[in-house]
Amino acid sequence: MIALALSFLLDLSVKQFYQTTVEIKEYEKRFEFPIDFRKKIEGLLPKKGVWGIFIKDLNTGSVFSINENLSFPAASLYKVIVVLALYQKAEEKEVDLKQIVELKSQEVVDENSIKPGFYTLEKLAELSLKHSDNNAPNALIRFLGFKEVEKFKNELGLIHTDLRKNFTTPFDMGILFSKIRDYPQLIDFLTKTAFEDRIPFYLPEEIKVAHKIGTLNGVYHDAGIIFGKTPFILIILSKGSEKEKAIESIRNISKYVFEYLNEESKTN
């Protein structure tokens, strides 16, 4: 019986590894963007700071990146991982999103975020994404268990993301947002958020953008999916950057990539 159980666990482990590997391999089917595209993107980056970019055309699978495996402080981007872990549990019927849980006083880290009290899991998820609430994810992590969130992160293939130190890479965020596409409610939570000053800023009003910002001192991120005629994933991470220049750069890169890909779709 013990040998049989070990055999089953080994087989399950191999299957999980294979599934993760296949997902990562999908990003290796790359088609180079023209050299002029790279020059334009590099020209839009401020001189100060370190930048990481990951772009994926969801129609063709073409990928463009700069420093895709370089580690950056994740800031609030970790919240997307936590919420996605919750929704996968709900999809597997292990969790009821209408269940009410308590946000305990010791889990409050930001006095400007929600107060201790009772909330549905769904509400905590919405607050975490749409409002980037800093207290709500703590209740979700306690509910799920940190080890379960870590396990989910690894199974998803986010091998360069460290949840304890809260670091991630543009490549990992690309995998994450590719998965987000499967969850319409999360797309809704990430659309028309309380923070629309980066990726969506210069885009046409009618264009749907599901995204999540991250902000720390010198760290200005935005990561998301832009749903134009040519939908694409856009991940822009920075560290050691100046706020005004960083945010303007994110806006300009978003505008350029959107116009480039949608102009390409018109001519093809």
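Any chance you could count how many residues in region 209-225 are over 14 Å from SER76 (Cβ atoms) and out of contact with any helix residue (DSSP H, G or I) (no Cβ under 6 Å at 6 or more places or on another chain)? Residues flagged as over 14 Å from SER76 (Cβ atoms) and out of contact with any helix residue (DSSP H, G or I) (no Cβ under 6 Å at 6 or more places or on another chain) within region 209-225 amount to 2. Inspect all residues belonging to region 151-163 and state whether any of them is under 24 Å from SER128 (Cβ atoms), assigned to a strand (DSSP E or B) and aliphatic (A, V, I, L, M). There is no residue in region 151-163 that is under 24 Å from SER128 (Cβ atoms), assigned to a strand (DSSP E or B) and aliphatic (A, V, I, L, M).
Just one residue in the set GLY52, GLY61 is under 24 Å from PHE232 (Cβ atoms) and surrounded by 16 or more Cβ atoms within 10 Å (Cβ to Cβ); that residue is GLY52.
Cβ-Cβ contacts under 8 Å between residues 6 or more apart (or on different chains), taken from a first residue in region 136-162 that is at positive phi to a second residue that is part of a helix (DSSP H, G or I) and buried (at least 18 other Cβ atoms within 10 Å of the Cβ), are listed as GLY157/ASP172; GLY157/ILE175. Which number in (1) crowded, with 18+ Cβ neighbours inside 10 Å; (2) within 20 Å of SER113 (Cβ to Cβ) marks the one condition that ASP197 misses? Of (1) crowded, with 18+ Cβ neighbours inside 10 Å; (2) within 20 Å of SER113 (Cβ to Cβ), only one is false for ASP197: (1). Considering region 162-194, the residues that are aromatic (Phe, Trp, Tyr) and closer than 20 Å to GLY49 by Cβ include one that is surrounded by the most Cβ atoms within 10 Å (Cβ to Cβ), namely PHE171.
Computed from the coordinates by the stated procedures, all read-outs in this text should not be read as laboratory data. Remember, predicted model here, so these are calculated numbers, not experimental data. Positions of Cβ are backbone-derived with ideal geometry, glycine not excepted, and every protein chain shown enters the neighbour counts.
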